[in-house]
Amino acid sequence: MNNRLKVLRAERNWSQAHLAEALGVSRQTVNALETGRYDPSLPLAFRIARIFGQPIESIFSDQDSVA
(Lines give C-alpha, C1' and ligand atoms only; values in the text may rest on other atoms or scores of the structure.)
Protein backbone atom coordinates (compact mmCIF):
# COMPACT_ATOMS: atom_id res chain seq x y z
CA MET A 1 0.00 0.00 0.00
CA ASN A 2 1.34 3.42 -0.96
CA ASN A 3 0.77 6.42 1.26
CA ARG A 4 1.48 10.13 1.58
CA LEU A 5 2.11 9.99 5.32
CA LYS A 6 5.73 11.20 5.23
CA VAL A 7 4.81 14.14 2.97
CA LEU A 8 1.84 15.17 5.11
CA ARG A 9 3.93 14.92 8.27
CA ALA A 10 6.78 16.95 6.74
CA GLU A 11 4.37 19.68 5.57
CA ARG A 12 3.47 20.20 9.23
CA ASN A 13 7.07 19.92 10.49
CA TRP A 14 6.04 17.03 12.73
CA SER A 15 8.55 14.43 13.84
CA GLN A 16 7.68 10.76 13.66
CA ALA A 17 7.55 10.81 17.46
CA HIS A 18 5.03 13.68 17.45
CA LEU A 19 2.75 11.88 14.99
CA ALA A 20 3.13 8.61 16.88
CA GLU A 21 2.06 10.26 20.12
CA ALA A 22 -0.97 11.84 18.43
CA LEU A 23 -1.96 8.46 16.99
CA GLY A 24 -1.26 6.44 20.14
CA VAL A 25 1.33 4.23 18.43
CA SER A 26 5.12 3.88 18.59
CA ARG A 27 7.54 5.91 16.48
CA GLN A 28 8.63 2.61 14.94
CA THR A 29 5.05 2.05 13.75
CA VAL A 30 5.00 5.45 12.06
CA ASN A 31 8.32 4.63 10.40
CA ALA A 32 7.00 1.25 9.21
CA LEU A 33 3.88 2.93 7.81
CA GLU A 34 5.91 5.56 5.96
CA THR A 35 8.26 3.00 4.42
CA GLY A 36 5.43 0.66 3.40
CA ARG A 37 6.53 -2.19 5.66
CA TYR A 38 3.24 -2.05 7.58
CA ASP A 39 -0.33 -1.46 6.44
CA PRO A 40 -2.51 0.26 9.04
CA SER A 41 -5.58 -1.30 10.56
CA LEU A 42 -8.84 0.36 9.55
CA PRO A 43 -9.20 2.16 12.93
CA LEU A 44 -5.62 3.47 12.64
CA ALA A 45 -6.23 4.61 9.05
CA PHE A 46 -9.30 6.54 10.24
CA ARG A 47 -7.27 8.17 13.05
CA ILE A 48 -4.59 9.19 10.55
CA ALA A 49 -7.20 10.65 8.21
CA ARG A 50 -8.80 12.62 11.06
CA ILE A 51 -5.46 14.03 12.23
CA PHE A 52 -4.63 15.28 8.74
CA GLY A 53 -8.21 16.34 7.96
CA GLN A 54 -8.31 14.33 4.74
CA PRO A 55 -10.22 11.32 3.45
CA ILE A 56 -8.45 7.99 3.77
CA GLU A 57 -8.32 7.67 -0.02
CA SER A 58 -6.23 10.83 -0.32
CA ILE A 59 -3.61 9.42 2.07
CA PHE A 60 -3.53 5.73 1.18
CA SER A 61 -3.71 4.04 -2.21
CA ASP A 62 -3.51 0.45 -3.33
CA GLN A 63 -0.27 -0.33 -5.19
CA ASP A 64 -2.25 -2.21 -7.83
CA SER A 65 -4.70 0.61 -8.52
CA VAL A 66 -4.42 2.44 -11.81
CA ALA A 67 -4.65 6.23 -11.76
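The values are calculated or read from the model by the stated rules, or taken from the named source; none is laboratory data. Treat the numbers as computed from the prediction; the structure is a model and nothing was measured. To get the accessible areas, we keep the full protein, side chains included, count just its heavy atoms, and leave off ligands, DNA and RNA. Shrake-Rupley method; radii C 1.70, N 1.55, O 1.52, S 1.80 Å.
Using a 1.4 Å probe on the protein heavy atoms, what percent of the accessible area of the chain belongs to carbon and sulfur?
Reported share for carbon and sulfur atoms: 51 percent.
Hey, what's the chain come to in accessible area per residue, 1.4 Å probe, Å²?
64 Å²
Using 0.36 nm times the number of residues separating Ala32 and Glu11, minus their current alpha carbon distance, what extension gain do you get?
5.7 nm
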